[in-house]
């Protein structure tokens with residue numbers, strides 16, 4: 001009792017109010033940020049005049065909050081995805097790229113006959129409202145090949161989307177995915193690409 005008498009009651013209340021207010025700020029600040037999730041998505045199978053290809057994709061979701069938390073839903077703006085390809089055993093970095101959003105226009109001229117170099121070299125960004133989702137491309141492989149290649153807008157500058165420096169011969173490797181937006185940077189998530197057999201066996205799973 002003597003201990004508390006050393007401090008006026010209003011000072012103790014002020015300190016407790018400050019601590020409570022700070023904790024509530026941290027909680028609401030976290031809740032108000034977009035809830036971005038990364039999951040596997042269906043692959044894109046392409047039958048083109050130049051060959052048959054499969055592109056492995058991932059889906060980015062801005063998960064919508066419901067009920068009383070609906071008030072805290074927030075749009076994710078300027079969303080960018082970075083992909084880091086790593087050796088399966090050593091985890092050494094092999095290639096790093098900015099991912100292509102499949103919702104954005106292909107880097108082609110309006111007549112779809114010529115590559116738009118400016119668009120191909122631009123780092124694409126996306127906006128995801130609460131409850132919305134969009135896919136990103138990860139890696140592409142041609143039917144007759146055992147090798148695969150990271151795939152983004154820059155891939156359009158090369159024959160059959162194959163940038164020579166990006167060739168991956170490994171039968172399995174790790175892809176780190178980092179999502180950044182104007183509101184949040186999501187911790188890196190890891191995925192495993194299996195590059196064996198035919199295109200039906202070419203797939204990506206979450207680690």
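Mind listing whichever residues of segment 34-49 are in a loop (DSSP other than H, G, I, E, B) and surrounded by 13 or more Cβ atoms within 10 Å (Cβ to Cβ)? Before you say what the answer is, go through the steps one by one.
Of the residues in segment 34-49, the ones in a loop (DSSP other than H, G, I, E, B) are 34-35, 41-43, 49.
Selection gives 34, 35, 41, 43.
Give 73, 10, 62 a once-over and let me know the one that is over 30 Å from residue 164 (Cβ atoms) and modelled with pLDDT of 95 or more. First the steps, then the outcome.
On the way: 73 fails: modelled with pLDDT of 95 or more; 10 fails: modelled with pLDDT of 95 or more.
Exactly one of 73, 10, 62 is over 30 Å from residue 164 (Cβ atoms) and modelled with pLDDT of 95 or more, namely 62.
Out of everything in segment 122-141 that is modelled with pLDDT of 90 or more and in a loop (DSSP other than H, G, I, E, B), what residue ends up being farthest from residue 61 (Cα to Cα)? Even if it seems obvious, please write down each step before you answer.
Filtering segment 122-141 down to residues modelled with pLDDT of 90 or more leaves 125-141.
Then drop every residue that is not in a loop (DSSP other than H, G, I, E, B), which leaves 125, 129-132.
Working: 125: 14, 129: 9, 130: 8, 131: 7, 132: 6 Å.
Per the stated criteria, the residue is 125.
Can you find even one residue in segment 165-188 that is in the same structural domain as residue 82 (by TED's automatic domain parsing) and in contact with a helix residue (DSSP H, G or I) (Cβ under 6 Å, 6 or more places away or on another chain)? Quick ask: steps written out before the conclusion?
Here is the first cut: in segment 165-188, the residues in the same structural domain as residue 82 (by TED's automatic domain parsing) are 165-188.
Checking the rest, the ones that are also in contact with a helix residue (DSSP H, G or I) (Cβ under 6 Å, 6 or more places away or on another chain) come to none.
Taking every residue of segment 165-188 in turn, none turns out to be in the same structural domain as residue 82 (by TED's automatic domain parsing) and in contact with a helix residue (DSSP H, G or I) (Cβ under 6 Å, 6 or more places away or on another chain).
Which one of these is touching a helix residue (DSSP H, G or I) at 6+ places or on another chain (Cβ under 8 Å) and free of Cβ contacts under 8 Å to residues at least 12 places away in the same chain: 151, 158?
158
The values are calculated or read from the model by the stated rules, or taken from the named source; none is laboratory data. What you see is a predicted model; the values in this text were computed from it and never measured. With ideal geometry, Cβ positions are generated from the backbone for all residues, glycine too; neighbour counts draw on all protein chains shown.
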